[in-house]
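Novice: The structure's right below; bear with me while I get my questions together.
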Amino acid sequence: MATHDVDETVLTLIGSGQADTRPAIVKQTGLAPSTVSAAVSRLVEAGVITEADQSVSTGGRRARRLVTSDGIGALALVELGAHHGLVALTDPTRGIGEATSLLIDIASGPKAVLSVVMREIARQEKAAGVRVGGLVLAVPGPVDEEGSRVIRPSRMPGWDGINVAEAVTRQCGLAALIENDARAGAIGESIYRRRLQGVAPIDTLIYIKAGSAIGGAYLVDGVPLVGQGGLAGDVSHIPVDAAAGRPCKCGNVGCLETVASADSIRADLAAVGLVYENNAQLLAAARDGIPEVATAIRQAGTLLGHSLAHLVSFLAPQGVIVGGALSAVDAFSAGVRAALHQSCLPPIMEHLVIESSRSGREAALWGLSTLTPQKISKENRS
């Protein structure tokens, strides 16, 4: 890992509260203690972090606690979906706080959605007794490399080309960055797994967010592939035979999203008289064992798995992780798994991990918490 990347990794772990001592950073990253110590020394010399007076027990000699020195305060982490938002605060001393779910309509546009978000941030800020100094937002659409604009999102009317970071600053005075929700989820899953005892880390993976829509990301050694226009990992619009003739919100027909998303499942069930007005009702029906629902969800997972098989065969990742609302239904992940085993060669599948997200609904928040500290502080100083 290059020196700059090591410094960035160490800083984001400290700033997001994932690790606050040298031994903790070594455990999280797998880097050599000497490498971590050198990075900490560089960051202290640059004035980006400081060594606090208090020490922390690490099982041996007590270690000096490391904190950021940018004075940014807490960060607001926000994930937006088509109909729901998730908001939590994080700072170096508390880590990620309890997330709150919000009802939103992404199609109502940035101003209306951000107003709802900012009211919730203000509530959490008051309840926690902290100052929020920046906001980072995960959105269900392509995001440019600068982390400021949404680029031609098919499910976010009114957001195309909007500089969301500037809109946040104008509306509430906070520096902000945005990220694609699936990319944030992929990073979050990788980071979260490293915190679990007895769980092997997976840093090269295909991450799928299967909810109202289908999102995807490809993580290589812990770094998401962004691609031209921020479009890398967008599996939603892969053409599939089973979707032939079905119109998609992107303007094409026959896209994977029209047969493998929760919205498409609900539409197909409604056509045979089983009406579920939202995803929560759909998931409840699956938990209740409604046969038609379980079958439809498994079939959607199977279609997703067959589409992913081409990517798995080409990229040979360590794992395929399924997140989003549908990942809570075993039948969906089982469909993905069965299709991959059917379509990929045994050597590819021998060590491939295929499972539902371990970080659950907060995957994107975990990812956002590791992305933001240095970039947000730079934004505040600009």
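Here, each number is a calculation from the coordinates, and none is a lab measurement. Since the model is a prediction, treat every value here as computed from it, not as a measurement. Cβ: placed from backbone, ideal geometry, glycine included. Neighbour counts: every protein chain shown.
Novice: If amide hydrogens are placed 1.01 Å from N in the peptide plane, which non-local residues have theirs closer than 5 Å to the one on ARG152?
Specialist: GLY161
Novice: Mind checking which of GLY251, GLY161, GLY229 has the largest fluctuation in a GNM of the chain, springs on alpha carbons under 10 Å?
Specialist: GLY251
Novice: What fraction, in whole percent, of alpha-carbon pairs in segment 101-171 exceed 21 Å separation? If you can, show how the numbers build up before the last one.
Specialist: Working: 672 of 2485 pairs.
Percent of Cα pairs beyond 21 Å in segment 101-171: 27.
Novice: Out of residues 5 or more away from ALA19 or on other chains, whose amide H comes under 5 Å of its own, with H placed 1.01 Å from N in the peptide plane?
Specialist: Here ILE14 satisfy the definition.
Novice: Separate question: ³J(HN,Hα) across segment 120-132 via Karplus (A = 6.51, B = -1.76, C = 1.60, θ = phi - 60°), whole Hz, x for Gly/Pro?
Specialist: 5, 4, 4, 5, 5, 4, 5, 5, 8, x, 10, 9, 8
Novice: The list [x] 23.2; [y] 20.2; [z] 21.5 gives values of Kirkwood radius over Cα pairs in Å, and only one came from this structure; which label was calculated from it?
Specialist: Answer by label: [z].
Novice: Each residue of segment 340-357 in turn: what ³J(HN,Hα) in whole Hz from Karplus with 6.51, -1.76, 1.60 and θ = phi - 60°, glycine and Pro shown as x?
Specialist: Per-residue couplings from phi come out as 5, 5, 6, 9, 9, 5, x, x, 5, 7, 3, 10, 6, 8, 10, 7, 6, 4 Hz.
Novice: Once fully extended, how much extra length lies between ASN278 and ALA242, figured as 0.36 nm per residue of separation less the alpha-carbon to alpha-carbon distance? Spell out each step's value before the answer.
Specialist: Details: separation 36, 0.36 × 36 = 12.96 nm, distance 2.35 nm.
Length gained, ASN278 through ALA242: 10.6 nm.
Novice: Would you please state the base-10 log of I(q)/I(0) at q = 0.11, 0.19, 0.21, 0.23 1/Å for segment 170-255, with intensities from the Debye formula using one equal scatterer on every alpha carbon?
Specialist: Computed log10 I(q)/I(0) values: -0.42, -0.91, -0.99, -1.07.
Novice: Same structure again: When you count, for each residue, the other Cβ atoms within 10 Å and take the mean per peptide, how do 177-186, 277-286 rank with the highest first?
Specialist: Values: 177-186: 29.5, 277-286: 16.9.
Highest mean packing first, the order is 177-186, 277-286.
Novice: Moving to a separate point now. Return the whole-Å distance between the Cα centroid of segment 251-326 and the Cα centroid of segment 109-180.
Specialist: Computed from Cα coordinates, the inter-centre distance equals 28 Å.
Novice: Using mean Cβ contacts within 10 Å as the protection proxy, how do 213-224, 317-328, 106-117 order, highest first? Walk me through the numbers on the way to the answer.
Specialist: Working: 213-224: 21.9, 317-328: 24.2, 106-117: 17.5.
Packing proxy ranking, top to bottom: 317-328, 213-224, 106-117.
Novice: On C-alpha positions alone, give me the angle between the axis of helix 262-271 and the longest principal axis of the chain, in degrees, nearest 10.
Specialist: Around 20 degrees separate the two axes.
Novice: Please find the FRET efficiency linking GLU355 to ASP288, where r is the Cβ-Cβ separation and R0 is fixed at 25 Å, and quote it to the nearest 0.05. Working shown, then result.
Specialist: Working: r = 24 Å, r/R0 = 0.95.
Efficiency computed from Cβ-Cβ geometry: 0.60.
Novice: Quick one: Karplus J couplings for segment 250-261, per residue in order, coefficients 6.51, -1.76, 1.60, θ = phi - 60°, nearest Hz, x for Gly and Pro?
Specialist: Here the 3J(HN,Hα) series is 6, x, 8, 10, x, 7, 3, 4, 6, 10, 10, 9 Hz.
Novice: On average, how much area does the Cα convex hull of segment 297-357 cover when viewed from any direction, in nm²?
Specialist: Working: hull surface 14.0 nm².
Hull-based average projected area comes out at 3.5 nm².
Novice: Hey, another quick one. From the Cα gyration tensor of segment 199-299, with a ≥ b ≥ c the square roots of its eigenvalues, which class applies: rounded if a/c is under 1.5, or else prolate if a/b is larger than b/c, or else oblate? All intermediate terms of the calculation are to be shown ahead of the outcome.
Specialist: Numbers: a/c = 2.77, a/b = 1.46, b/c = 1.90.
It is oblate, given that a/c is not under 1.5 and a/b is not larger than b/c.
Novice: Now for a different question. According to a simple spin-label model (label point 7 Å from Cα along Cα-to-Cβ), what is the distance in nm between LEU231 and ALA38?
Specialist: Simple spin-label model gives 4.1 nm for this pair.
Novice: Please work out the FRET efficiency for the pair PHE314 and ARG64, using the Cβ-Cβ distance as r and a Förster radius of 41 Å; give the result to the nearest 0.05.
Specialist: Working from the Cβ atoms, E equals 0.35.
Novice: Name the residues whose placed amide hydrogens come within less than 5 Å of the amide hydrogen of ILE49, ignoring near sequence neighbours (fewer than 5 apart) on the same chain.
Specialist: Those lying under 5 Å, H to H, from ILE49 are VAL44, SER69.
Novice: Shifting gears a bit: Can you show me the helix-derived [θ] at 222 nm for the chain, built from DSSP H runs with n ≥ 4 at -39,500 (n - 2.57) apiece and divided by the number of residues, rounded to the nearest 500. Don't skip to the end; give the middle numbers.
Specialist: Working: 13 runs with 161 residues, N = 382.
Theoretical 222 nm ellipticity from helices: -13000 deg cm²/dmol.
Novice: Using DSSP, restrict attention to beta bridges with both residues in segment 93-196 and report what percent are antiparallel, rounded to the nearest 5.
Specialist: Antiparallel: roughly 25 percent of the beta bridges in segment 93-196.
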